[in-house]
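J.: Before we start, here is the structure in question, set down as structure tokens.
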Amino acid sequence: MPEALQAEQLLTLVQMLSPSYPVGAFAYSHGLEWAVQDGSVDDQDSLTAWLRTVLQYGAGQADAIYLSAAYHAEDPTQIDAQARAFASSAERLKETVLQGEAFARASAAIWQIEIPPLCYPVAVGWAARLQQLPLRQTLEMFLHAFAANLATAGMRLIPLGQTEGQIVIRNIAPFCLELAAKAQRSTLDDLSSTAFLSDIAAMKHETQYSRIFRT
């Protein structure tokens, strides 16, 4: 029975954080589109470095901490308000709010769980709590999905071959495990954001002349 339960929880997480889950993640580049146009990201190595920086010092680690905080909260609304205030630009705020709202609507219909319109990492953390999913694995898969979505955007924008893009995702995966372990031990007091070029890229994208992605 424990093994069957573990398998069911794993498959729930796979579904909730898969590219096919209707949150529209494919429409967002998180500022990467501007970075490619600017020349800051132009190959496999620079894309890997960009993703590692965003994950460790930017929205990746911050979102993981907010997810963990929501998982432990009795009421996620105050955490949600802080997460919205922490967004570094208008597009970053739009990205997390719209994906969170879409996640809440889909999860309510699919899993019959009540989720208010929370920003994305808070909504995922709250959904994991409601369904009694393991926090560590939720963090791992959330960070991996975050990185994989941006790697896929990089494949389209640079452009980068699918094999090279998958190598980027493979190389980032162990890093996601390390960050998940750290986020599980962290609190909101550990929040920081020093991925400044990523933040500037998101701001620059707001007025970028030609755009494929929404952010």
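The values are calculated or read from the model by the stated rules, or taken from the named source; none is laboratory data. This structure is a prediction, so every number in the text was calculated from the model and none was measured. Note: ideal-geometry Cβ built from the backbone for every residue, glycine included; neighbour counts use all protein chains shown. Heads up: the accessible areas ignore ligands, DNA and RNA and are worked out on the full protein's heavy atoms, side chains in. Shrake-Rupley method; radii C 1.70, N 1.55, O 1.52, S 1.80 Å.
J.: Which of the numbered conditions does residue 52 fail, given that it passes all the others? Conditions: (1) over 24 Å from residue 103 (Cβ atoms); (2) open to solvent by 70 Å² or more (accessible area, probe 1.4 Å); (3) free of Cβ contacts under 8 Å to residues at least 24 places away in the same chain.
T.: Here residue 52 meets the rest and fails (3).
J.: Keeping to the stretch 76-88, report how many residues are within 19 Å of residue 195 (Cα to Cα) and buried (at least 19 other Cβ atoms within 10 Å of the Cβ).
T.: Final tally of qualifying residues: 4.
J.: Take residue 63 and decide whether it is among the charged types (D, E, K, R), open to solvent by 10 Å² or more (accessible area, probe 1.4 Å) and either in contact with a Leu (Cβ under 6 Å, 6 or more places away or on another chain) or not in a helix (DSSP H, G or I) (or both).
T.: Judged against the criteria, residue 63 is not a match.
J.: When you scan the stretch 16-43, how many residues do you find that are in contact (Cβ under 8 Å) with a residue 12 or more places away in the chain and open to solvent by 50 Å² or more (accessible area, probe 1.4 Å)?
T.: Residues meeting the conditions: 7.
J.: Among the candidates 172, 167, which residue alone is more than 17 Å from the chain's Cα centre (by Cα), assigned to a helix (DSSP H, G or I) and modelled with pLDDT of 95 or more?
T.: 167
J.: Next question, about the same structure. Determine if the stretch 113-128 includes at least one residue that is β-branched (Val, Ile, Thr), open to solvent by less than 60 Å² (accessible area, probe 1.4 Å) and assigned to a loop (DSSP other than H, G, I, E, B). Walk me through how you get there before you give the answer.
T.: Initial filter on the stretch 113-128 (β-branched (Val, Ile, Thr)): 113, 115, 122, 124.
Subsequent filtering for residues that are open to solvent by less than 60 Å² (accessible area, probe 1.4 Å) retains 113, 115, 122, 124.
Retained after the next criterion (residues that are assigned to a loop (DSSP other than H, G, I, E, B)): 113, 115.
Checked the stretch 113-128: at least one residue is β-branched (Val, Ile, Thr), open to solvent by less than 60 Å² (accessible area, probe 1.4 Å) and assigned to a loop (DSSP other than H, G, I, E, B).
J.: Here are some conditions: (1) surrounded by 15 or more Cβ atoms within 10 Å (Cβ to Cβ); (2) assigned to a helix (DSSP H, G or I). Residue 181 meets all but one. Which one does it not meet?
T.: (1)
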